[in-house]
1. Step by step: first the residues of the range 39-81, then only those that are more than 14 Å from the chain's Cα centre (by Cα) and basic (Lys, Arg), then the one that is modelled with the lowest pLDDT. Which residue is that?
2. Would you please name the residue that is least open to solvent (accessible area, probe 1.4 Å), looking only at residues in the range 52-75 that are outside any loop (DSSP other than H, G, I, E, B) and of a type in the set (Ser, Thr, Tyr)?
3. Cβ-Cβ under 8 Å, sequence separation 6+ or interchain: first residue in the range 142-160 and polar (S, T, N, Q), partner open to solvent by 10 Å² or more (accessible area, probe 1.4 Å) and modelled with pLDDT of 95 or more. Which pairs?
4. Where the second residue is in a loop (DSSP other than H, G, I, E, B) and the first is in contact (Cβ under 8 Å) with a residue 24 or more places away in the chain and lies in the range 69-82, which pairs have Cβ atoms under 7 Å and are six or more apart or on separate chains?
5. Hey, can you tell me all the residues within the range 110-164 that are among the small types (Gly, Ala, Ser), at pLDDT 95 or above and either at positive phi or open to solvent by 50 Å² or more (accessible area, probe 1.4 Å) (or both)?
6. Being more than 16 Å from the chain's Cα centre (by Cα), within 23 Å of ALA171 (Cβ to Cβ) and either at pLDDT below 95 or open to solvent by less than 60 Å² (accessible area, probe 1.4 Å) (or both): is that true of ILE36 here?
7. Looking only at the range 76-84, decide whether some residue is within 18 Å of PRO158 (Cβ to Cβ) and open to solvent by less than 10 Å² (accessible area, probe 1.4 Å).
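The values are calculated or read from the model by the stated rules, or taken from the named source; none is laboratory data. The structure presented is a predicted model; accordingly, all values stated were derived computationally and were not measured. Here the Cβ positions follow ideal geometry from the backbone for every residue, glycine too, while neighbour counts run over all protein chains shown. What goes into the accessible areas is simple: the full protein's heavy atoms, side chains included, and nothing from ligands, DNA or RNA. Shrake-Rupley method; radii C 1.70, N 1.55, O 1.52, S 1.80 Å.
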Amino acid sequence: MNRLIAGLAVAVSVVLGTAAAEAHPHVWIVAKSELIYAPDGTITGVRHAWTFDDMFSTYALQGIETKVKGAYSREELAPLAQTNVESLKEYAYFTFAKGDGKKQKFTEPVDYFLEYKDSALTLHFTLPVKTPFKARQLSLEVFDPTYFIDFQFAEKEPVKLVGAAAECKMAFERPNDGTAAAQKLGEQNFLDGSAGNFAMMFANKITVDCP
């Protein structure tokens, strides 16, 4: 069962059943990301660690059999991890990259696994760049255009550069608080895409400038 999609589907059904629904997230994720560079300065991928909120974690774990009650090994969570990364493809992995202004594409995730700790699931996965590239400026945005998922990057070490030249400088910008405006716009606007670029205010923005 595709628990990630099913969870979102439940949220959608609840929203559509409300006459005057307000736009707000239904799943909360605390994220950390690493931007991966090759020795020659080529950008090769992005490594994510996404920790889901307690409620969604509890939902996702329903029906999973374990040897030890309340404990979930990486092996026991492997089918769920596969389901999650496969379902993310439809949403472009909520990860949008540009190299010197040109959009970049990712291939399917690798090295993925789920970790269960402190009543929460954390999905670890690496997104390889379809065509590794060099760029004087890399921009990366992580967000859900539909605003069903709220991405908040960790307060401590939210983003790391792995293998980048010492001269490369990174800047990280958290999203503005657009909650009130989102509620006025309404959930249906996000569902049917009429919100346009409005959802961009929920993007976590990372830029890396290399000489």
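1. Within the range 39-81, the match that is modelled with the lowest pLDDT is LYS69.
2. SER57
3. Short answer, once both residue conditions are applied: GLN152/VAL30.
4. From the range 69-82, the pairs are TYR72/LEU61; TYR72/ILE64; TYR72/THR66; LEU80/ILE64.
5. GLY163
6. Values: more than 16 Å from the chain's Cα centre (by Cα): yes; within 23 Å of ALA171 (Cβ to Cβ): yes; either at pLDDT below 95 or open to solvent by less than 60 Å² (accessible area, probe 1.4 Å) (or both): yes.
For ILE36, the condition - more than 16 Å from the chain's Cα centre (by Cα), within 23 Å of ALA171 (Cβ to Cβ) and either at pLDDT below 95 or open to solvent by less than 60 Å² (accessible area, probe 1.4 Å) (or both) - is met.
7. Checked against the condition, which is being within 18 Å of PRO158 (Cβ to Cβ) and open to solvent by less than 10 Å² (accessible area, probe 1.4 Å), the range 76-84 yields no hits at all.
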